[in-house]
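Okay, so here's the structure we're looking at.
The values are calculated or read from the model by the stated rules, or taken from the named source; none is laboratory data. Keep in mind that this is a model prediction, so the values were computed, not measured. Please note: Cβ atoms are built from the backbone with ideal geometry, for glycine as well, and neighbour counts cover all protein chains shown.
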Amino acid sequence: MLGKIHSFESLGTVDGPGVRFVVFFQGCVLRCKYCHNPDTWAFNIGAKYTAEDIIKRLLRNKEFYETGGITATGGEPMCQIDFLTELFSLAKKNKIHTCLDTSGIMFDKVNRDKIDALLEVCDLVMLDIKHIDEGEHIKLTGMSNKAVLDFARYLNEKQRKMRIRYVLVPTITDKEDDLTELGKFLKDFTNIEKIEVLPYHTLGKVKYENLGIKYPLENIPEATSDMAKKALELIKANM
């Protein structure tokens, strides 16, 4: 089986616990306005690899990943769920920790048996919740957040380890009412390992220019680490 891959990152430190070998999958159905990887959106491009090809790349420097592992990100890895499951299965055979960075948007589009098979070989899910309000989520990403929230509930039901990631975008995802509602939504979850609020930045802006795409958040300022800290405190205060 072949997977379409955008790129790899060695020695990643922000995509899960420890030092990670990060695999960027090609293809995504969302069009998040703050996305810093618009070059991963298209499905008809990307280099083709087998799972064996990828694991061999990791194993060349396996000693660096003993406290970390492999992370699948993108793009949206669950758009290629069969290949993703094969990759993680092979990683587990080699005793490598597996982490999935996903928006969860494919949850209502994929057979549950396939999702269960993936979760069997996935040690940690980092779930990106873009916005708790459905209408605002549609404005921000182009799609409803129903599948995302349903996936979060499913992970809790299955008691699969989960980290929540939330990007704080000034004037868009930083409203107190929305942060309060997010906290209330997460209140009864017992599978959450960590919640991360990430400050919005404009480092991906140059990619839009290179692709000839108008940058959607041209006049939105970057968020500060202090703003992200206060947002996290508000979320946790309502859990």
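Quick look at the numbers
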read-out	value
Lone unmet requirement of (1) within 30 Å of P170 (Cβ to Cβ); (2) modelled with pLDDT of 95 or more; (3) out of contact with any Pro (no Cβ under 7 Å at 6 or more places or on another chain) for F25	(3)
Verdict on T171 being surrounded by fewer than 16 Cβ atoms within 10 Å (Cβ to Cβ), in a loop (DSSP other than H, G, I, E, B), at pLDDT 95 or above and of a type outside the set (D, E, K, R)	yes
Selection count, region 114-124, where residues are free of Cβ contacts under 8 Å to residues at least 40 places away in the same chain and in a loop (DSSP other than H, G, I, E, B)	2
Leading residue by the ranking (surrounded by the fewest Cβ atoms within 10 Å (Cβ to Cβ)) among those in region 90-113 that are under 23 Å from L59 (Cβ atoms) and touching a residue at least 60 places away in the same chain (Cβ under 8 Å)	H97
Count of region 174-219 residues which are basic (K, R) and either modelled with pLDDT of 95 or more or part of a strand (DSSP E or B) (or both)	4
Selection status of V22, closer than 24 Å to K161 by Cβ, in contact with a strand residue (DSSP E or B) (Cβ under 9 Å, 6 or more places away or on another chain), free of Cβ contacts under 8 Å to residues at least 60 places away in the same chain and surrounded by fewer than 17 Cβ atoms within 10 Å (Cβ to Cβ)	no
Hey, R160 surrounded by fewer than 23 Cβ atoms within 10 Å (Cβ to Cβ), of a type outside the set (G, A, S) and part of a loop (DSSP other than H, G, I, E, B) or not	yes
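Conditions (1) among the hydrophobic types (A, V, I, L, M, F, W, C); (2) under 17 Å from the mean Cα position of the chain (by Cα); (3) surrounded by 24 or more Cβ atoms within 10 Å (Cβ to Cβ), marked per residue:
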| residue | (1), (2), (3) |
| --- | --- |
| I45 | yes, no, no |
| D53 | no, no, no |
| G75 | no, yes, yes |
| C79 | yes, yes, no |
| D82 | no, no, no |
| F88 | yes, yes, yes |
